[in-house]
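Everything on this sheet refers to the single structure shown next.
Just so it is clear, none of the values below were taken in a lab; they were calculated from the coordinates. Please read these numbers as outputs of a predicted model, since none were measured by experiment.
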Amino acid sequence: MPSIKIPENRIGVLIGENGSVKKEIEEKSGAELEIDSNTGRVEIDVRDVEDPILSMKVEDVVKAIGRGFNPKKAMNILEDNIDFVLLDIRDWVGKNKNAVRRMRGRIIGRDGRTRELIEELSETYVSIKGNTVGIIGSPFEVNIARRAVEMLLEGREHATVYKYLEGKREDIKLERSGFKIDRSELEEG
């Protein structure tokens, strides 16, 4: 039985008012959640989930809520062709808390504008919490947003990242229309 630990300040969000979020996750997936309100440990019973991919997606929904996404956005992960990716800022800067804070600030941007632009231009949802950056969207869109975040973590100028994202807008439209894009073109030119 999968077990995930979420921050204590996110337990109430996962449970929801009168258990509404927990109940919705269980109804949509067939899994059962056992939440320890004292420790933040969430046991996920997937024995009654017939689709193995759906059972993994339930784990991702719990992780996403734990990493700062609102439940409505996190629930999208249960849909077909929606992915969730979690990047650890420490993979780029090590465990130096000041470096992590600085990088988190680069990704969020002044008044949250950089995060908003990444979401808007890649058509994804992005959440920055603690040492992590979470991204929800179609696999193609997630890869674009992920690359934009990685570029910021590598120290690229914000203008370069925005230009990259602007350049991918047409690719997203083509991908949504069913036209297949060469994945190697996700890298910036």
In the structure shown, of K22/K73; K28/K173; K28/K73; K97/K129; K22/K57; K73/K173, the pairs separated by more than 19 angstrom at the C-alpha atoms are K28/K173; K73/K173
For the stretch 83-186, the Cα-Cα pair-distance distribution in 5 Å bins from 0, as whole percents, is 2, 13, 26, 25, 18, 9, 5, 2, 0
Cα extents of the stretch 3-78 per principal axis, largest first, Å, are 31, 22, 21
Checking A74, A148, A31 against a Gaussian network model of the chain (alpha-carbon springs below 10 Å), the top fluctuating residue turns out to be A31
The long-range amide H neighbours of I89, using H built 1.01 Å from N in the peptide plane and a cut-off of under 5 Å, are T132, V133
Across all Cα atoms of the chain, Rg and the largest Cα-Cα distance (Dmax), in Å, are 17.3, 50
